[in-house]
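See structure below.
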Amino acid sequence: MKVTRTALPEVLILEPRVFEDSRGFFYEAYNHKSWANAGINFEFVQDNQSFSKKNVLRGLHYQIRQPQGKVVRALRGEIFDVAVDLRRSSPHFGKSVHVTLSSENRKMLWIPAGFAHGFLVLSDVAEVLYKTTDFYAPEYERTLLWDDPKLAIQWPEAVEPILSDKDRRGLPLDKAELFD
């Protein structure tokens, strides 16, 4: 597995070794030993999968208690995946990184606890799978405003994204509940 650090050093791009031939392909999507060697030595307790149409934007989500580390990948289609550092004590506080994840490039993104996460669907449809290090706790879920000017995320699509009511009501960074 190839591991690449992003501009936010704790956020990692994971690229599995893929074996392809005329029949198709095979790769290890998860191997505890390989991931632990890459610094992702956590117990994963839940897998979540979503299906979304083009221009759906989900996020930016995080849990203020029971924070979740996540490994995100696109099983079908292509997404613009974003992580935002919400740890006040971090030298990268308020900064974000983005990576295009697709069923073709097979990249995965490790986003540690203390970060908000969201994605925009670039293809006609996308199925996204993410492993989490803690259970979903809706009472602790928070939403950061996806287009907060202070975040300066350069979303790729000029069209108006399709948002849930929850995501429309996200808070800007200066009003959000944050991590120490």
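Every number in this text was worked out from the coordinates using simple rules, so none of it is lab data. Predicted, not measured: the structure shown is a model, and the values here were computed from it. Positions of Cβ are generated from backbone atoms using ideal geometry, with glycine treated the same way; all protein chains shown enter the neighbour counts.
Could you tell me which residue of the stretch 1-54 is farthest from V84 (Cα to Cα), considering only residues that are of a type in the set (A, V, I, L, M) and exposed (fewer than 13 other Cβ atoms within 10 Å of the Cβ)? Break it down into steps so the answer makes sense when it comes.
Pass one, the stretch 1-54, residues of a type in the set (A, V, I, L, M): 1, 3, 7-8, 11-14, 18, 29, 36, 38, 40, 45.
If we keep only those that are exposed (fewer than 13 other Cβ atoms within 10 Å of the Cβ) too, we end up with 7, 18, 36, 45.
Details: A7: 11, V18: 29, A36: 23, V45: 22 Å.
This residue is V18.
I'm trying to understand the selection: among the residues of the stretch 3-56, which are in contact (Cβ under 8 Å) with a residue 24 or more places away in the chain, among the small types (G, A, S) and outside any loop (DSSP other than H, G, I, E, B)? Result: S34, S50, S52. Can you spot a residue in the stretch 111-129 that is out of contact with any Ser or Thr (no Cβ under 6 Å at 6 or more places or on another chain), within 23 Å of E43 (Cα to Cα) and among the charged types (D, E, K, R)? No: the stretch 111-129 contains no residue that is out of contact with any Ser or Thr (no Cβ under 6 Å at 6 or more places or on another chain), within 23 Å of E43 (Cα to Cα) and among the charged types (D, E, K, R). The single condition among (1) surrounded by fewer than 19 Cβ atoms within 10 Å (Cβ to Cβ); (2) charged (D, E, K, R); (3) under 25 Å from L14 (Cβ atoms); (4) in contact (Cβ under 8 Å) with a residue 60 or more places away in the chain that E177 does not satisfy is (3). Within the stretch 65-90, residues that are closer than 15 Å to L151 by Cα sit with their Cβ atoms under 6 Å from residues that are of a type in the set (S, T, Y), at 6+ positions apart or across chains, in these pairs: V82/S96; V84/S96.
For S164, state whether it is at negative phi, among the polar types (S, T, N, Q), surrounded by fewer than 17 Cβ atoms within 10 Å (Cβ to Cβ) and in contact with a Gly (Cβ under 7 Å, 6 or more places away or on another chain). Steps first, answer last, please.
Values: at negative phi: yes; among the polar types (S, T, N, Q): yes; surrounded by fewer than 17 Cβ atoms within 10 Å (Cβ to Cβ): yes; in contact with a Gly (Cβ under 7 Å, 6 or more places away or on another chain): no.
No: the conditions fail for S164.
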